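The values are calculated or read from the model by the stated rules, or taken from the named source; none is laboratory data. Since this is a predicted model, take the numbers as computed values, not measurements. Cβ placement follows ideal geometry from the backbone for every residue including glycine, while neighbour counts extend to all protein chains displayed. Protein only, heavy atoms only, side chains kept; ligands, DNA and RNA dropped before computing areas. Shrake-Rupley method; radii C 1.70, N 1.55, O 1.52, S 1.80 Å.
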2 protein chains.
Amino acid sequence: MSVIEARASDITELGQQLRVDAVRASARAGSGHPTSSMSAADLMAGLLTGHLHYDFEHPHLPGNDRLVFSKGHASPLLYAMLHAAGAIDEEHLLTYRKLGSDLEGHPTPRLPWVDVATGSLGQGLPIGVGMALGARLSGSPARVWVLCGDGEIAEGSMWEAFAAAADFGLGNLCAIVDVNRLGQTGPTRYEWDTAAYASQIGGFGWHTVEIDGHDPVAIDRAYAEAARQDVPTAILAKTRKGKGVAAAEDKEGLHGKPLAESEKAVVELGGVRGARVRVNPPRSSEPRRSRPSLPMAHPSFPVGGSAATRDGFGVALEALGDANPDVVVVDGEVADSTRTDAFRKAFPNRFFECYIAEQQMIGAAVGLQSQGWIPYASTFAAFLTRAHDFLRMAAIGGADLRVVGSHAGVSIGADGPSQMGLEDLAMFRALWRSVVLYPCDANQAAHLTATMADLPGISYLRTTRAETPVIYRGDELFPVGGSRTLVGSAHDRAVIVAAGITVSESLGAAERLADEGIPVRVIDAYSIKPLDAAAIRQAAAETGRVLTVEDHWPVGGLGDAVLDAVAGQVPDVRFRKLAVRGMPGSAGPAEQLASAGIDSAAIVRAVQRLVV
Amino acid sequence: MSVIEARASDITELGQQLRVDAVRASARAGSGHPTSSMSAADLMAGLLTGHLHYDFEHPHLPGNDRLVFSKGHASPLLYAMLHAAGAIDEEHLLTYRKLGSDLEGHPTPRLPWVDVATGSLGQGLPIGVGMALGARLSGSPARVWVLCGDGEIAEGSMWEAFAAAADFGLGNLCAIVDVNRLGQTGPTRYEWDTAAYASQIGGFGWHTVEIDGHDPVAIDRAYAEAARQDVPTAILAKTRKGKGVAAAEDKEGLHGKPLAESEKAVVELGGVRGARVRVNPPRSSEPRRSRPSLPMAHPSFPVGGSAATRDGFGVALEALGDANPDVVVVDGEVADSTRTDAFRKAFPNRFFECYIAEQQMIGAAVGLQSQGWIPYASTFAAFLTRAHDFLRMAAIGGADLRVVGSHAGVSIGADGPSQMGLEDLAMFRALWRSVVLYPCDANQAAHLTATMADLPGISYLRTTRAETPVIYRGDELFPVGGSRTLVGSAHDRAVIVAAGITVSESLGAAERLADEGIPVRVIDAYSIKPLDAAAIRQAAAETGRVLTVEDHWPVGGLGDAVLDAVAGQVPDVRFRKLAVRGMPGSAGPAEQLASAGIDSAAIVRAVQRLVV
């Protein structure tokens, strides 16, 4: 047997082992995706045995290659690979999908060998782009391998990634597309036409290789070819879903189902094997360098002046970039509006232009943070809705992301509702374990920007286009979960809870109300999640009247956060929520606030009615 | 002057007029996008004068061509076209971006000549796909023209549309890409490389034409060529941003700004013109046929049995399709899971497979409804987050959409959190004027499915994977804004407000609590928005204790809706919200409900604590 023949036999043998283990795990679970695992088994066998450079005992080494299952439903194949690599044992493998097991239906970083959560299709490749950027920035020789399904190629986010990866020249990225012809409900759009995929992906500047995904020699060659490119490579592998078991092979209607006769299938696949694979070591075993961050030169805007919170963010971001070499920024072609352009000019190698592709932008941030970087992602608050599913999955994966949405609310003025973030607070508050911050002045924005660098999970900063009065000194502190009582006395007849642009409107209203003999308290609830529930409850108890006011739809924002804190906790409180209820059109910023009923005059009227 | 020369001169002259009007409108507004209008002015002049078939006095004629400004920020150009067509007068034109004007910063259907809202980039083309499908289904000879920016080609949703339009064979669709080289912050990824775009878009199966977008003869020819194709056509027009004014032409830093010296610019463009264009009449002047819907054969599941609400939806959808020939369905390659497959089999020509491309799916629905169809769009609830921005824009545009999300909540079981819709209620409740419905049994689901057909705006139906007990008869009515009190007495010590899967858990809990001598009321709040606030307030007032329980994150769902209805309205109510607070893993459905603390046992415990 020649060396090539021996190698081919090894791949084929391991492919069968991976199939057997995927079939067994799914059978034991009573659910799962064996057929989608079987199509890609030879591809993964070839990768694991000859081309992946990885130390399974030290999964977080920067020099390790990265493997992302973009087709996350093929998790039994991934777990079979971990079994073959000796990372998990037989007993562990068979806990797949059981209560408490870390071998979930779709992979999550509860497993140390999994960097990011997948399972919503079309996300692994955009995240892989971020990983490849992160590896290159670290000077790591690691390669990023992404196993993709053919069905998920229909997701636009994949094309954002194909464009971005070529643009960034990511020769360290390889997409392995398992073209098994069958989706969930039937054939995919292009079935086995790998030439169609090659023409499309090649048109985006990728190197493409079309192979028979069950031919071990071709698989081996394709990976070697990918490693020689200085552009990203897509391996388009024609495969058969359910490969190796006649009753399942290339059959419709078997997606996401354990095989009917699994024991017979295991026999057909040659029985249970227990081969242990020796995986190539990482190309570098250097540990992660610790890059100490310096004290940050905190920007300061003069009290009494006015400045936009987006400027506070932008200036702080640049200072943070100077102090902390791990901070990186991704933006969606609006850096001049979001104010990340100062960072871009100062640190061009740590700024990644994702163009108008918000899913790729968040995907890149998820990939970068998985490689130890501290990403800030920024675009208009409204357009972050484009990346909602990526944010949802990032929360599932426990990613540490800092997201900044500019141009929040009606106060942007004449551009109209398409550009107004009016649901961003609802979206970010609903994310698991998120932090939601909404500064009212530039110094507060700067402080919160710096604070976010150290926060785990997803934190969101909402900024405002318009200038607002600077009311805090540059050296004041704003802890997450805190609030500021800006006006108050023992005789207050109501408390106004505001944040962001409505803080100055509330202060104006409080002055006018005081002139009318109605003293009110004003709380700046800059930390919308977690909310300073104690302070707000106390104010509610003391005044008996709570008015919330926000530049956001009435659902899911500040008002609802306050309700959640106060309801049932403080007896006999009257409550009123001011928010944007009608659909805005175009108008100037002040006109918009007045039309929406969230300006000083509206607040005065609301308090007058509330204290009757 | 030859005919061709005369025609060319007409286009060039009108192009200058459109530029002048765009410049003047933006100057008067003090904001807006004249430079992005000027690049496309010749393209639109050529379309308006020779190729658009449209009756401006009867904009809703099915035979009218459709023009979508996917680059919605070029609205001054659109308004200048309306001015040239005599649809709006000079005075009206100059209200652009003013308070109360229907000439908004980005186009909305407040204008009768605008079918859908644009302004979030990358949406016009996917919507255009839906329009072209709708026109073809109606037998209308209308063509759909979509003006796209070059920057927005980076959006993945554009590639979903390129793939879908080719797949559907939409020869009646033409994308006019204004390749003006400059985005907001600087050059686009491919600048003037129209060949790069042509290769990419051509690779997806479109006919492509590369032209100089300021050459009137080439423009004319390109439109004529597009009209001859039986596949969709992309015209890739190399243009100059700010064309015609030296100080602005092809200059960076002028995106979204009125020209500095607008009066001088108008002079440079040849001064104010007032030409009135004669536009080609529609190819058909037939009015919309009224297709009367028959009484629907309402499905009925036997009370006391069990069935999944997704099945109630699926069966009702098929019956509705039979009764109402305007009902169409779009799905994201999960029809077997969502249960739209019965409709698909029964009415294959009214079912559109969008594959795994949720943005295109919602875009298609928006386009179809603009052509008078009644679309239902369905995928897993979790994956609807992918289309959040499309839903946001659909709300701005006043689109009538029915959206159905299956596999809501932890009760799906072992597939894990990536497949669980746990933020869909928050997302849909926050949409402007949305209706959110969440049935607990299959008969209720069927009824609500039929009800949605007549609802304006965006309505959302949340369905469940698992079977639940059938508790309602098939002939019962469930009005939007209503609720059902399932258990109750004058002695109730608390009210449990539930919806969907938690209704049966609550009923089980109520039985056990009754056995313990704690009578409780159970309300099925199937209409989460609008909520039956009156009934819930009354129950809260009568019992003094409110427990909400939902298979959703604690933010933005049923509990918050109830809080909003009760807080400050009913004195002295204690409140507790049960929801999913920890990140689920894989487990069986019952295990998931128990782990999340939203099953019968958890409800019993919570009520016991609440009534102490």
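Within segment A:379-391, is even one residue buried (at least 24 other Cβ atoms within 10 Å of the Cβ) and in contact with a Leu (Cβ under 7 Å, 6 or more places away or on another chain)?
yes
Residues in segment B:158-165: is at least one aromatic (Phe, Trp, Tyr) and either more than 12 Å from chain A (Cβ to nearest Cβ) or surrounded by fewer than 24 Cβ atoms within 10 Å (Cβ to Cβ) (or both)?
no
Looking at (1) at pLDDT 95 or above; (2) open to solvent by 40 Å² or more (accessible area, probe 1.4 Å); (3) assigned to a loop (DSSP other than H, G, I, E, B); (4) within 30 Å of residue B:90 (Cβ to Cβ), which is the only condition residue B:275 fails?
Of everything listed in (1) at pLDDT 95 or above; (2) open to solvent by 40 Å² or more (accessible area, probe 1.4 Å); (3) assigned to a loop (DSSP other than H, G, I, E, B); (4) within 30 Å of residue B:90 (Cβ to Cβ), residue B:275 misses just condition (1).
Can you tell me which residues in segment A:474-532 are part of a strand (DSSP E or B) and without any contact (Cβ under 8 Å) to a residue 60 or more places away in the chain?
The initial filter retains those residues of segment A:474-532 that are part of a strand (DSSP E or B), namely A:484-487, A:495-498, A:521-524, A:527-529.
Listed by number, the residues that qualify are A:484, A:485, A:486, A:487, A:495, A:521, A:522, A:523.
So residue B:136 ticks every box in (1) of a type in the set (D, E, K, R); (2) open to solvent by 10 Å² or more (accessible area, probe 1.4 Å); (3) at the interface with chain A (Cβ under 8 Å from one of its Cβ atoms); (4) outside any loop (DSSP other than H, G, I, E, B) but one. Which box is left unticked?
(3)
Would you check which residues across segment A:428-450 are open to solvent by 10 Å² or more (accessible area, probe 1.4 Å) and more than 14 Å from chain B (Cβ to nearest Cβ) and list them?
Those that are open to solvent by 10 Å² or more (accessible area, probe 1.4 Å) and more than 14 Å from chain B (Cβ to nearest Cβ): A:447, A:450.
Go through segment B:4-37 and give me each residue that's within 29 Å of the chain's Cα centre (by Cα) and buried (at least 24 other Cβ atoms within 10 Å of the Cβ).
Within segment B:4-37, B:22, B:26, B:32, B:33, B:34, B:35, B:36, B:37 qualify.
For segment A:192-232, which residues satisfy the criterion of being among the β-branched types (Val, Ile, Thr) and either under 17 Å from residue A:155 (Cα atoms) or within 14 Å of another protein chain (Cβ to nearest Cβ) (or both)? Before you say what the answer is, go through the steps one by one.
In the first step, residues of segment A:192-232 are kept if they are among the β-branched types (Val, Ile, Thr); the result is A:194, A:201, A:208-209, A:211, A:217, A:219, A:231.
Passing the criteria: A:194, A:201, A:208.
Each row is one residue, and each column tells you yes or no for (1) outside any loop (DSSP other than H, G, I, E, B); (2) more than 31 Å from the chain's Cα centre (by Cα).
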| site | (1), (2) |
| --- | --- |
| B:538 | yes, yes |
| B:548 | yes, no |
| B:551 | no, no |
| B:570 | no, yes |
| B:580 | no, no |
| B:587 | no, yes |
| B:592 | yes, yes |
| B:603 | yes, yes |
| B:608 | yes, yes |
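Among the residues of segment B:292-333 satisfying the criterion of being at pLDDT below 95 and of a type in the set (A, V, I, L, M), which is surrounded by the most Cβ atoms within 10 Å (Cβ to Cβ)?
Looking at the filtered set, the residue picked out is B:296.
Would a scan of segment A:43-65 turn up a residue that is within 14 Å of another protein chain (Cβ to nearest Cβ) and of a type outside the set (Val, Ile, Thr)?
no
Among the residues of segment A:227-246, which ones are surrounded by 24 or more Cβ atoms within 10 Å (Cβ to Cβ) and at positive phi?
Passing the criteria: only A:242.
Do we have any residue at all in segment A:181-191 that's part of a loop (DSSP other than H, G, I, E, B), small (Gly, Ala, Ser) and within 14 Å of chain B (Cβ to nearest Cβ)? Don't jump to the end; show me each part of the working.
Of the residues in segment A:181-191, the ones part of a loop (DSSP other than H, G, I, E, B) are A:181, A:183-186, A:188-191.
After this cut, where a residue has to be small (Gly, Ala, Ser) as well, the list is A:183, A:186.
So of that shortlist, the ones also within 14 Å of chain B (Cβ to nearest Cβ) come out as A:183, A:186.
The answer is yes; a qualifying residue exists.
Please verify whether residue A:118 is touching a residue at least 12 places away in the same chain (Cβ under 8 Å) and β-branched (Val, Ile, Thr), treating the condition exactly as stated.
Answer is yes for this residue.
Can you say whether residue A:143 is of a type in the set (Lys, Arg) and more than 8 Å from chain B (Cβ to nearest Cβ), as far as the supplied structure shows?
Numbers: of a type in the set (Lys, Arg): yes; more than 8 Å from chain B (Cβ to nearest Cβ): yes.
Considered against the rule, which asks whether it is of a type in the set (Lys, Arg) and more than 8 Å from chain B (Cβ to nearest Cβ), residue A:143 comes out as yes.
Given the structure, is residue A:94 within 12 Å of another protein chain (Cβ to nearest Cβ) and farther than 25 Å from residue A:250 by Cβ?
Considered against the rule, which asks whether it is within 12 Å of another protein chain (Cβ to nearest Cβ) and farther than 25 Å from residue A:250 by Cβ, residue A:94 comes out as no.
Any residue that is touching a Pro at 6+ places or on another chain (Cβ under 7 Å), over 30 Å from residue B:418 (Cα atoms) and either within 10 Å of chain A (Cβ to nearest Cβ) or buried (at least 21 other Cβ atoms within 10 Å of the Cβ) (or both) - is there at least one of those in segment B:563-571? Outline the logic, then answer.
Taking segment B:563-571 first, the residues touching a Pro at 6+ places or on another chain (Cβ under 7 Å) are none.
Checking segment B:563-571: not a single residue is touching a Pro at 6+ places or on another chain (Cβ under 7 Å), over 30 Å from residue B:418 (Cα atoms) and either within 10 Å of chain A (Cβ to nearest Cβ) or buried (at least 21 other Cβ atoms within 10 Å of the Cβ) (or both).
Pick from B:389, B:415: which is assigned to a loop (DSSP other than H, G, I, E, B), acidic (Asp, Glu) and facing chain A (nearest Cβ under 9 Å)?
On the way: B:389 fails: assigned to a loop (DSSP other than H, G, I, E, B).
Answer to the selection: B:415.
Please indicate, with yes or no, whether at least one residue in segment A:598-608 is at the interface with chain B (Cβ under 9 Å from one of its Cβ atoms), of a type outside the set (Val, Ile, Thr), open to solvent by 10 Å² or more (accessible area, probe 1.4 Å) and farther than 26 Å from residue B:577 by Cβ.
no
Among what's in segment B:351-365 and is touching a residue at least 60 places away in the same chain (Cβ under 8 Å) and open to solvent by 10 Å² or more (accessible area, probe 1.4 Å), pick the residue that is farthest from the other protein chains (Cβ to nearest Cβ).
Here the residue is B:352.
Looking at segment B:571-611, which of its residues are of a type in the set (S, T, N, Q) and closer than 20 Å to residue B:468 by Cα?
B:592, B:595, B:600
Out of segment B:308-323, which residues are touching a strand residue (DSSP E or B) at 6+ places or on another chain (Cβ under 7 Å) and more than 16 Å from residue B:408 (Cβ to Cβ)?
Filtering segment B:308-323 down to residues touching a strand residue (DSSP E or B) at 6+ places or on another chain (Cβ under 7 Å) leaves B:308-310, B:313, B:317, B:320-321.
Within segment B:308-323, B:317, B:320, B:321 meet the criteria.
Cβ contacts < 7 Å: first residue assigned to a loop (DSSP other than H, G, I, E, B), restricted to segment B:332-350; second residue small (Gly, Ala, Ser) and buried (at least 20 other Cβ atoms within 10 Å of the Cβ), any location; separation 6+ or different chain. Result?
B:332/B:357; B:333/A:151; B:333/A:183; B:339/B:314; B:340/B:314; B:340/B:378; B:347/B:321
Checking residue A:456 against (1) surrounded by 24 or more Cβ atoms within 10 Å (Cβ to Cβ); (2) within 14 Å of chain B (Cβ to nearest Cβ); (3) in a loop (DSSP other than H, G, I, E, B), which single condition isn't satisfied?
Exception for residue A:456: condition (1).
Of the residues B:462, B:473, which is open to solvent by less than 10 Å² (accessible area, probe 1.4 Å) and not β-branched (Val, Ile, Thr)?
Exactly one residue qualifies, and that residue is B:462.
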